[in-house]
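For reference, the structure discussed in these notes is given below.
The values are calculated or read from the model by the stated rules, or taken from the named source; none is laboratory data. These figures come from a predicted structure and were not determined experimentally. We place every Cβ from the backbone using ideal geometry, glycine too, and count neighbours over all the protein chains shown. Surface areas here come from the heavy atoms of the whole protein model, side chains and all, with no ligands, DNA or RNA. Shrake-Rupley method; radii C 1.70, N 1.55, O 1.52, S 1.80 Å.
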Amino acid sequence: MSVRTVDLLVAGGGPAGLAAAVHAGRAGWEVEVWDPRSGALDGTDAGTIDKACGEGLMPGALAALLALGADPAGHDLLGVRYAAGGRAATADFRHGPGRGIRRTALHAELTRAALEAGVRLERRTVGAVDQDAGGVRVAEVRARHLVAADGLHSPVRRRLGLDLPAARHARFGLRRHFTLAPWSPYVEVHWAPGAEAYVTPVGDELVSVAVLGAPGSSYDARLAAVPELRERLARAEPASDVRGAGPLRQGARRRVAGRVLLVGDAGGYVDALTGEGLALAFAQAEAAVAAMRAGEPQRYEQDWVRLTRRYRWLTAGLLAGTRPRALRRAIVPAARALPRVFDGAVNELARPVGPLPSPVGRQRVGRVASRTRSTSRST
Ligand SMILES: Cc1cc2nc3c(=O)[nH]c(=O)nc-3n(C[C@H](O)[C@H](O)[C@H](O)COP(=O)(O)OP(=O)(O)OC[C@H]3O[C@@H](n4cnc5c(N)ncnc54)[C@H](O)[C@@H]3O)c2cc1C
């Protein structure tokens, strides 16, 4: 078998893998991305990758996405609203909107940006990984580095023996889309006794509803526990099948193993409750490529710890704090009683995770409103 050499091989063509590929491709590296589900290789929308996701990009995630040269259409998100028992607390994003974006639109735009950066996309699986001091070998390809961006259950992480044991209190996410005009420009989090329902407007006539919670009940059963939502959705046509993911909490012993770097969900994930997965994926992709380019891949480990600290603490804290029923019932009243604290927490999650995006990215953030329409019939 003749050996082909590249600078970077990326396992996984999701947001983390494509973002890493764009950064490396723009730096003049020869980059290949392998994903068995990779679609849109011909530049059309056919076969774009879908995934269970709440599809809400916080303002920081949106800024990072625009800086990558990807600008998918969607729906403006003006803030976050917590709701339960007919009461709600709302916090506006202070530094510009986020955007609700269908995963298929996100994937198509990131694919386009990757192709523009000269990245080669292949519809295939990364299997056995061999490495030595000078590089990584996967099938007939020898790469200077491998980025494993192969998702929550990362096969590369498992092969390298980096999986942490399963966490207690496993949680899963399920999502479905509905054809109806968004009733609010906010990401709504409805707190039900055993689950949270997440509503994100993603288009003028399209709403994404994700439910998060322990395993054991169906999507419809979970929605039924939120009367306000059940009524709103009663006459709306489902626009997609139910799609799920989990257990959400996944850990890695470390993020760097020689010349292999774990990026995105592959490097570890706490929960979708705070809607930060994409912001983290983009920030980690940028940090991983910077470390590889500096010839110090091991530096990415400390960068990862720094970039994810806020997310890990806030998300784990919110999960633990809302597990007891009494505290769970108190979350919306508390957010209403302490609006500054709620506003501060929401805007802490909304700000960029990593270094500020390039000036080009910042300018484009200012144009967000002209590309998307925000419907503001309030609840
Ligand atoms: C229910 C739910 C709701 C969420 N809501 C939000 C939200 O509102 N906002 C937000 O920012 N984040 C949210 N997230 C998190 C977000 O979806 C993830 O953080 C994000 O998709 C991570 O991207 P990734 O590229 O790391 O992984 P993925 O998107 O999972 O991509 C991994 C890719 O790797 C490929 N792959 C797997 N194995 C191999 C292999 N051996 N070789 C090659 N390729 C392989 C897969 O086919 C896949 O395409 C949510 C997650 C869930 C589950």
Checklist entry - Each label point is 7 Å from the Cα along the Cα-to-Cβ direction; what then is the distance between the points at Arg120 and Arg37, in nm? => result 2.5
Item to check | Förster radius 45 Å - calculated FRET efficiency between Glu237 and Glu296 (Cβ-Cβ, nearest 0.05) | outcome: 0.30
Checklist entry - Taking H as built 1.01 Å from N, whose amide H comes closer than 5 Å to the amide H of Thr48, not counting residues under 5 places away? => result Ala40
Checklist entry - Out of Gln250, Gln284, Gln302, any idea which swings most in a Gaussian network model of the chain, alpha carbons joined below 10 Å? => result Gln302
Item to check | Distant-in-sequence amide H partners of Gly151 (H built 1.01 Å from N, under 5 Å) | outcome: Asp265, Ala266
Checklist outcome for this item: With Cα coordinates, the longest principal axis of the chain makes an angle with the long axis of helix 325-337, in degrees rounded to 10, of 80
Item to check | Positive minus negative residues near Gly213 (Lys, Arg vs Asp, Glu; Cβ under 9 Å) | outcome: +1
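Taking 22 Å as R0, compute the FRET efficiency from the Cβ-Cβ separation of Asp132 and Met1 and round it to 0.05.
Plugging the Cβ-Cβ distance into 1/(1 + (r/R0)^6) gives 0.80.
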Next on the checklist: Apply the Karplus curve 6.51 cos²θ - 1.76 cosθ + 1.60, θ = phi - 60°, to the phi angles in the range 49-55 and return the couplings in whole Hz, x for Gly and Pro.
Outcome noted: 7, 9, 7, 5, 7, x, 6
Checklist outcome for this item: At the level of C-alpha centres, the distance separating the range 299-338 and the range 194-252, in angstrom, is 21
Next on the checklist: I'd like the carbon and sulfur percentage of the solvent accessible area for the range 96-207, probe radius 1.4 Å, heavy atoms only, ligands and nucleic acids excluded.
Outcome noted: 53
Item to check | Point-charge dipole on Cβ atoms (K/R +1, D/E -1) for the chain, about Cα centre, debye to 20 | outcome: 1020
Checklist outcome for this item: Descending accessible area (1.4 Å probe), largest on the left, turns Thr5, Thr315, Thr90 into Thr5, Thr90, Thr315
Checklist entry - Relative to a virtual label point 7 Å from the Cα of Glu228 in the Cα→beta-carbon direction, which members of the range 55-88 show backbone nitrogen distances below 18 Å? => result 78-88
Checklist entry - Given +1 on the Cβ of Lys and Arg, -1 on the Cβ of Asp and Glu, and no further charges, what dipole in debye does the range 220-268 carry about its Cα centre, rounded to the nearest 20? => result 500
Checklist outcome for this item: Once amide hydrogens are built 1.01 Å from N within the peptide plane, the residues lying 5 or more places from Tyr186 or on another chain with amide H under 5 Å from its amide H are Leu78
Next on the checklist: Need one number: % antiparallel among DSSP beta bridges in the chain, to the nearest 5.
Outcome noted: 70
Checklist entry - Residue by residue through the range 251-260, which ³J(HN,Hα) values in whole Hz follow from phi under the Karplus form 6.51 cos²θ - 1.76 cosθ + 1.60 (θ = phi - 60°), with glycine and proline marked x? => result x, 10, 4, 7, 9, 10, 10, x, 9, 10
Checklist entry - Taking 0.36 nm per residue of separation and subtracting the Cα-Cα distance, what length does fully extending Ala330 through Arg168 add? => result 56.0 nm
Checklist outcome for this item: Note to self, the chain gives a 222 nm [θ] from helices alone (DSSP H runs n ≥ 4, -39500 (n - 2.57) apiece, / all residues, nearest 500) of -10000 deg cm²/dmol
Checklist outcome for this item: Between Glu140 and Ala73, the FRET efficiency computed from the C-beta separation at R0 = 41 Å comes out, to the nearest 0.05, as 0.60
Item to check | Listed residues Ala27, Ala64, Ala73, most fluctuating in the chain (Gaussian network, C-alpha, under 10 Å) | outcome: Ala27
Item to check | Charge dipole magnitude, Cβ of K and R +1, D and E -1 - the range 1-99, Cα centre, debye nearest 20 | outcome: 440
Next on the checklist: Among Val33, Gly12, Val80, whose Cα projects farthest towards the positive end of the dipole of the range 1-138, with charges put on the beta-carbon of Lys, Arg (+1) and Asp, Glu (-1)?
Outcome noted: Val80
Checklist outcome for this item: Here the alpha-carbon Rg of the range 144-206 over 2.2 N^0.38 Å rounds to 1.68
Checklist entry - At what distance in angstrom do the alpha carbon centres of the range 139-186 and the range 48-65 lie from each other? => result 13
Checklist outcome for this item: Result for the chain: accessible area per residue, probe 1.4 angstrom, in square angstrom, of 42
Item to check | Highest-fluctuation residue, Ala88, Ala133, Ala113 considered, GNM on the chain with Cα pairs under 10 Å | outcome: Ala133
